[in-house]
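The values are calculated or read from the model by the stated rules, or taken from the named source; none is laboratory data. For clarity, every value in this text was computed on a predicted model and none was experimentally measured. Cβ coordinates were reconstructed from backbone atoms using ideal geometry, including for glycine residues, and neighbour counts include every protein chain displayed. For accessibility, only protein heavy atoms count, side chains too; no ligands or nucleic acids. Shrake-Rupley method; radii C 1.70, N 1.55, O 1.52, S 1.80 Å.
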Amino acid sequence: MGKDFGPSPFFLITKFYKQMIQLSKGGNINLAKEAAGITVFRMGLAWDANAAGGGDFDLDAAAIPLKEDGKAVGPEAICFYHQLDWGNGAIKHSGDERTGAAAGDDETITIDTAKLPAEVAKVVVLVNIHDAKNRQQNFGMVHNAKVTLYKGAEGVAESDILAKYDLEEDASMSRCLIFCELYKKDGEWKFKAINESKGSFNDVIYRDILRGYGLDVNNTPAI
Amino acid sequence: MINLSKGGRINLSKDESGNSLDKIFFGSNWGMIVERGLFGISKSKTKVDLDSSVILLGEQGNLIETVYFGHKDEPGIHHYGDDRIGDANGDDGMDNETIEVTLSKVSASVHHVFFVLNIYNTDKVQKFDEIPYIGIRIYTSPNNKPKQRISDPVDILAKFNLNNTEFKDKSSVILGEAYRRNGEWKFKAIGDFGNFSGYTGISEMESYVKNLI
C-alpha cells in the first residue's frame, strides 16, 4: 500500500525477523538493545474465552511495580481497572474489557520506563479471571492467550512490534497468571515471557494474591 | 486501599439453581469496649451504639424514605430493632441488628436500596477502630428467614470486618446497594467509608448516596 518494503523479498524477511522476536516461556529481550532510545513500551494482552456453557469470562490485567525484594513499591502501587494510571503516566492501563470478545488486544499495559521511580526493579503484568471460583472458570478454558510487546504508546504496525509471546496452555487450573514482566538488569530494561500460575481457581482469591505483593486490598468482595 | 469490587455482578432475581432470591438480610455484630484491669478482671465496659439503616431512593436519585432505628418499617423492609450496647461478654456469635428487605414488596417507586452503618455519637466512642470487633454481613438465606447466628449457613453478598486499623478514623460506611435493572434486582458491594456519624450522619448519607447511583 505504497509502502517501501525494500529491494527484494529476501530483504523483507530479514527485516521482519530482525524486528519481531517470537519468545517462548522464560525467554527475554534486552530493550536497551532492541529498542535503543525508547522508553515507552506497550504490552497488548489478548485471549479468547468463550465458555462452552455460556457465561461470560471477565479477565483483568494488572501491572504491579515491585522493588528489589519483590514487594510492591507502595500499598496502592498497582495499575488496574480502578487505577488506570499509576505514577503519573509511568504505567497505564487501557481499561476493563469485560467479555473477551474484542478483536486484537483485549487490554493493554503501557509502561514508560523513564517515569518509573528508581526503586522499581521490576513490573509484573498479570491477568486474573474475575470471580473465578463463583463462575468455576480457569485458564484451561481460556485459549490463544498472548502478549504482543510494542514500542511506543500507539502504533500497531508490524514495525512497532518488538516481540510476541504465545502462552502455552499448561496452567489449566489457574485463576491468575503472570503473563510477562519488565525488569531492570545492570541499568537496562528487559522484557521477559513468563506464564506463571498464581493459584487455583477454587482455592485462591485475587485479593490474597495481591496482598502477597504487599498491597493493601479491602476486604470485599472475596473474588 | 485498593478496592477490587466491580459491582453490579450479582443478579438477585435468580440464584444458580434458578430459585428466586426475594429477601436480603443485613446483619451486624459488634462488641462493647471492655477495659481489663489487674488479673484480667474487667475494669469498665463502654456501650457501643452502631446503627444499621437502609436508604431508599427513586429512579432519579430522589429520597423516598430511610428505614432506621426511629422508623422501622416501610413496604418490604423491616428493622428488627435497635441495639445500643453491643455484646457485653465477648462475641456471642449473634447479629446485634438485622434489617430484612423483601424485594418483591418494596414500593415500585424505589429503585435503589442502600445499606449503611454508622456510629451513633457518644462522648466515648467515635471511630470504628475503638470497637473490639464489628462484623457486617449482607446475605440471602436458604429459607428466606433471618439468621441471627453468624455460623448459620447463608449466601454472603458482601461481608465486612471493621475491627481493623484499616478503618481507623472512620465512623460510617456505605456497604452496598440493591438496585433495579431491567425489571430485576441486582446487588453491588460498595465499601465507601466516611465520617457521617450520629443521627445527622444518616441524613448526610441520604444526600451522599445520590452521587453513587
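With the charge dipole of chain B set up from +1 on Lys and Arg Cβ and -1 on Asp and Glu Cβ about the Cα centre, the Cα lying farthest toward the positive end among the listed residues B:116, B:213, B:70 is that of B:213.
For the full complex of protein chains and a 1.4 angstrom probe, list B:151, A:24, A:159, B:172 by accessible area with the highest value first.
B:151, A:24, A:159, B:172
Each listed q (0.12, 0.18, 0.19, 0.22 Å⁻¹) maps to a log10 I(q)/I(0) for region A:84-219, found by the Debye formula over equal Cα scatterers with no solvent: -0.52, -1.21, -1.33, -1.62.
With everything on Cα atoms, drop me the angle between helix B:198-208 and the longest principal axis of chain B, reported from 0 to 90° to the nearest 10. Taking the Cα atoms of chain B, the angle to B:198-208 is about 30 degrees.
Scalar couplings 3J(HN,Hα) for region A:134-145, obtained by applying the Karplus form with A = 6.51, B = -1.76, C = 1.60 to θ = phi - 60°, are 4, 8, 6, 10, 8, 6, x, 9, 9, 10, 6, 5 Hz; x denotes Gly and Pro.
Multiply the residue separation of residue B:39 and residue B:63 by 0.36 nm, subtract the distance between their alpha-carbon atoms, and state the gained length in nm to one decimal.
Working: separation 24, 0.36 × 24 = 8.64 nm, distance 5.25 nm.
Computed gain between residue B:39 and residue B:63 is 3.4 nm.
Report the one residue of A:173, A:147, A:215 whose Cα lies farthest in the direction of the positive end of the charge dipole of region A:140-223 (charges on C-beta: Lys and Arg +1, Asp and Glu -1; origin at the Cα centre). My answer, from the dipole projection, is A:215.
Label positions at residue A:25 and residue B:72, each projected 7 Å from the Cα along the C-beta direction, are separated by 6.1 nm. Of the whole protein surface, residue A:34 contributes about 80 Å² of accessible area at a 1.4 Å probe radius. Measuring with a 1.4 angstrom probe and ignoring ligands and nucleic acids, residue A:69 comes out at about 110 Å² accessible.
Express the relative contact order of chain B as a whole percentage, based on alpha carbon pairs under 8 Å and six or more residues apart in sequence. Walk me through the numbers before you get to the answer.
Working: 492 pairs, mean separation 53.6, N = 213.
Value for chain B: 25 percent.
Please state, rounded to one decimal and in Å, the Kirkwood hydrodynamic radius that chain B gives when every pair of distinct Cα atoms enters the mean of 1/r.
Value: 17.5 Å, from the Cα pair sum.
Reported to two decimal places, what Rg/Rh ratio describes region A:134-199 when computed on Cα atoms with Rh from the Kirkwood expression? Show your work: numbers first, answer last.
On the way: Rg = 14.3 Å, Rh = 13.6 Å.
Reported Rg/Rh (Cα atoms, Kirkwood Rh): 1.06.
Of all lysines in the structure, those lying under 26 Å Cα to Cα from residue B:43, and not within fewer than 8 positions of it along the same chain, are B:124, B:127, B:168. I'd like the distance between the alpha-carbon centres of region B:125-171 and region B:40-112, rounded to an integer number of Å. Rounded to whole Å, the Cα centres lie 12 Å apart. Bridgeable aspartates and glutamates around residue A:185 (alpha carbons under 17 Å apart, same-chain partners fewer than 8 residues away excluded): A:34, A:68, A:69, A:112, A:119.
Of all DSSP beta bridges in the protein assembly as shown, what percent run antiparallel (nearest 5)? That works out to approximately 95 percent antiparallel.
Say R0 is 30 Å: what FRET efficiency, to the nearest 0.05, do residue A:76 and residue A:186 get from their beta-carbon distance? With R0 = 30 Å, the Cβ-Cβ based efficiency is 0.55. For the residue pairs A:115/B:159; A:198/B:170; B:147/B:170, the alpha carbons lie more than 30 Å apart in A:115/B:159; A:198/B:170.
Let me have the relative contact order for region B:76-155, percent, based on Cα pairs under 8 Å that are six or more residues apart. Working shown, then result.
Numbers: 62 pairs, mean separation 24.8, N = 80.
Value for region B:76-155: 31 percent.
Rounded, prolate or oblate: pick one for region B:114-213, where a ≥ b ≥ c are the square roots of the eigenvalues of its C-alpha gyration tensor, a/c under 1.5 means rounded, and failing that, prolate if a/b is larger than b/c, else oblate. Cα axes put region B:114-213 in the oblate bin. Distance distribution P(r), the protein assembly as shown, all Cα-Cα pairs, bin width 20 angstrom from 0: 23, 46, 26, 5, 0 percent. For a straight C-alpha distance cut-off of 19 angstrom, the lysines reachable from residue B:105 (same-chain residues fewer than eight places away being disregarded) are B:14, B:23, B:72, B:145, B:186.
Top to bottom by accessible area (1.4 Å), largest first, where do A:93, A:143 land? Spell out each step's value before the answer.
Values: A:93 15, A:143 80 Å².
Sorted by accessible area, descending: A:143, A:93.
Applied to region B:43-50, the Karplus parametrisation 6.51 cos²θ - 1.76 cosθ + 1.60 on θ = phi - 60° returns per-residue 3J(HN,Hα) values of 8, 8, 10, 10, 5, 10, 10, 9 Hz, with x for Gly and Pro.
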